[in-house]
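Undergrad: I have a structure here, written as structure tokens, and I will follow up with some questions on it.
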Amino acid sequence: MGQAQAENDKDDLAIAALNGAVKADPGNLDALLNLSVSYTNDFHKDRALDTLVQWMQYNPQYREVFLKFPPFDINEDFEANHRLVTDMFIGVIPIILIFKYACIIRF
């Protein structure tokens, strides 16, 4: 439901629906990622970053990268949080490249 609302540019309704999905299942990776996009579209940049951090925290592929960084604090300066989240995502690049390389070798 939340994704359908987002696709229709009704981000406020998407946020409500996706928050419900995340509340029911905090590890719902699709809902977390879509929620982050809706927060971005609705100009809630701090919440968008926080939701990306939650996505990484619950994503089994990237959890070990998440654990290497200091805790995310939504009340911190946006620029500091942005740098933290950027560094987290830069940290997953080797994992993505290894996965893609392994897939190429298999096929």
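Undergrad: Which of the chymotrypsin sites (Phe, Trp or Tyr not before Pro) found in the stretch 12-76 are in a DSSP loop and have at most 12 neighbouring Cβ atoms, other than their own, within 10 Å? Can you show the working numbers first?
TA: Values: sites: Tyr39, Phe43, Trp55, Tyr58, Tyr62, Phe66, Phe72; in loops: Phe43, Tyr62, Phe72.
Answer in residue order: Phe43.
Undergrad: Determine the shape class of the stretch 23-78: with a ≥ b ≥ c the square roots of the Cα gyration tensor eigenvalues, call it rounded for a/c under 1.5, and otherwise prolate if a/b is greater than b/c, oblate otherwise. Kindly include the intermediate steps, with their values, before the conclusion.
TA: Values: a/c = 2.16, a/b = 1.14, b/c = 1.90.
Judged from the Cα gyration tensor, the stretch 23-78 comes out oblate (a/c at least 1.5, b/c at or above a/b).
Undergrad: Scan the stretch 48-92 for trypsin sites (Lys or Arg not before Pro) in coil per DSSP, keeping those whose Cβ has at most 10 other Cβ atoms within 10 Å, and list them by number. Can you show the working numbers first?
TA: Working: sites: Arg63, Lys68, Arg83; in loops: Lys68.
Answer by residue number: Lys68.
Coordinate-derived values only; no laboratory data. The model shown is predicted, which means the values in this text are computed figures rather than measured ones. Glycine gets a Cβ as well: all are built from the backbone with ideal geometry, and neighbour counts include every protein chain shown.
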